1. Take L477, project a point 7 Å from its Cα along the Cβ direction, then tell me which residues of region 524-554 have their backbone nitrogen under 17 Å from it.
2. Which log10 I(q)/I(0) values, to two decimals, does region 557-609 give at q = 0.17, 0.24 Å⁻¹ under the Debye formula with one point per Cα?
3. Sort region 521-626 into rounded, prolate or oblate with this rule: let a ≥ b ≥ c be the square roots of the eigenvalues of the Cα gyration tensor; rounded if a/c is under 1.5, and if a/c is not under 1.5, prolate when a/b is larger than b/c, oblate otherwise.
4. Is the shape of region 251-335 best called rounded, prolate or oblate, per the rule: a/c under 1.5 gives rounded, else a/b larger than b/c gives prolate, else oblate, with a ≥ b ≥ c the square roots of the Cα gyration tensor eigenvalues?
5. Would you mind pulling out the separation of the Cα centroids of region 183-207 and region 277-350, in Å?
6. Starting from the Cα of E256, step 7 Å toward the Cβ, then list every residue of region 393-409 with an amide N under 19 Å from that point.
7. So what is the relative contact order for region 301-367, in percent, with contacts set as C-alpha pairs under 8 Å and at least six apart?
8. For a distance above 13 Å, tell me the whole-number percent of Cα pairs in region 204-250 that qualify.
Amino acid sequence: FSERSNDAEDIALRFATCQSLWYQIKSETEQIQEDLNKQLFDNLVHFLKQSHSELQEKTTEWSCPLKSREIPTAALVLGVNVTDHDLIFKSLSEVLQNNITHYIALLEAKDCPGIKNLMQKLMGQLMNCCIDVDSLEDEDYVQVSQNRVRCSITSLTSWYESVAKKKASGTPSKKQSSSSRHWQSPPVVVILKDMESFNTKVLQDFIVISSQHIRELPLVLIFGIATSPMIIHSLLPHSVSSLLCIELFQSLSCKEHLSTIIDKLLLTAKFPFKLGEKVLQVLISIFLYHDFSVQNFIKGFQLSLVEHFYSQPLSVLCCQLVDAKKRVNSLSHDQCENIRRLPSFRRYVEHEVSEKQIALLTEDDFLKEVVQKLLEDLYVYHENYVSVLRCLHVFTSSLPKYPLGKQIRELHCACLENQVWETEEYESSLQLARMLSKSDLVTMLQQCVQIFVSSSGKEFDKTVEKLKEFLTQFQKLEVAEAFQEQDVSVSSQKELQKKTDLYHLQKTLLELKDSRRSKKLTKFEMLRSEVVDYIDSLVRNYLVPAGHKTLHEVLYFNSASVLRGHLNAAPRTALHTALNNPYCYLKNQALKSDGGSISNKAPDICIVYKLHLESGRLINLVDWLEAFSTVVTAVEGTNADAASSDQVDDIVHARFIRAVSELELLGFIKPSKQKTDHVARLTWGGC
């Protein structure tokens, strides 16, 4: 934790607050992911029930009729966010165990280079045994209890028949769900987590062999696909793919998943901790341009939370408002001084009268009263901000070209960055909003009314009344404009009918054109402009950037450079720092050195590394050894009780060889073909 705070109780409280807040966020994210995957899992469960019933009843009522040797197969397209797939398959396995069958095997391509390895993994997971291939004389066998079972589809079929027979004659298990209790022979589900990575020959052999025993072994395959369903036909020839009865399933887009996570975690008053604009941009950029991983985004969010509580002494106030007010009363004098040092609080003090300025800077009790009020204002700001942001998003997401972005996270970043109403994108959005049709405006206003009614903010009663008043005026306009348009069209037709010659006809058309140009705004256009202006006033009042609010440092994490340093690995820089300045990581006072000097107590590899930096393209090993020996012996000195000088030289020589080998392993040097007693240097320049 921060070196500024020496109070052990404060440190413990900050740690407890951080831990409690993370548990709440983690629980919320798990629930969100469960809700997002529920539809997909329900469809898969329905597919497995149908396919297994088809296998048992041997009917042809299913939409994809099973032939005698076809294997029911679910092609599950998950997207390129491969790092999220493990969590999805883990959740899917739990759902299938609770609803369909306990016989589930999850296979990965790295564990199945051959058909024997695949059968070993498959039988090992189904029979709940641990396979140690190295301990077996014959790779065709696995150890089950006290017996060795041959890894073959025949053995697997025999095992399944014995288990199914025992299951049919016995009583149902308590763990077995009611939905699968009536099945005497539950299906065997094999999940290939990364189908694209499997060896084609292994995949083909497994499908062909399994299809020959589909009547005895009710097998169902689930292919985890990261790219496209067409990969199935690319990997498998028609003779093999025809043995599969495939149904396609598509998971939720990772971008939609991220938008939901941001909506539930950041755009809510439920969690006091918030991400600053630059920090949020770092996490979103890594997501969009690196891995599309929602799990990595959540890990980055967790890292931001920990870093905020680690580096900010006042993060003890980052909790629910009731608890924060209580903690303000127990702040120490040092913590009050930390509040006075905050840039946002300094700006606040500068705008106060001189008497209040003196009281804020000298009286802790008065400061605590003001801080309580400021924290309350900050929490109210969050509640109002979210509601108005959602209302603005209703308008901007319906506009063509999406000047402020289609997703609410893009609009949120724009509002955090600066005063959004001063941007060109916002002005373009207002101009487009002034051209919306009546039906679109009415629909948007109805959505905004629902948002403000469901909002926890207490300041939107008048706003709801005003929006409902707009809706009432639009309804009245519908009837009035209908009659007015009818009268205008009738009068225009009469004028045209009176004058039949070409001259008068052209004159009348020009007069109509000029009248349309110079005519006043209709009631609808005036009302539409009034609605847009009112939404604009809400934006200017409530969507002030968080950085302009006093005490925002308590709740917002804004150290984007620190987070970027944690997430964007720079291995060469870290390696150079570790070898050139080992004190940076070891924190040993004896390793401190001045400038380019070589520390006497440094590890051997650090000494060798610093000496190699002073060399050219080719390094003479003899000179290098002499320089290393000089540094080491200068440290150790001579000791009469020590070993002889020859023994010391041998020890130093061995240490040198080991250090040089480690340096070669790290890629800094390589043997030279030009001179046998030289090595070539591979790295240049500073980090």
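1. Flagged as within label range: 524-536.
2. For region 557-609, the Cα-only Debye profile gives -0.60, -0.88.
3. Cα axes put region 521-626 in the prolate bin.
4. prolate
5. That distance is 47 Å.
6. The answer is 394, 397-398, 406-409.
7. It rounds to 20 percent for region 301-367.
8. 59 percent
Quick note: the coordinates plus some simple rules give every number you see, no bench work behind them. On a predicted model such as this, the values are computed, not experimentally measured, just so you know. Glycine also receives a Cβ, built like all others from the backbone with ideal geometry; neighbour counts cover every protein chain displayed.
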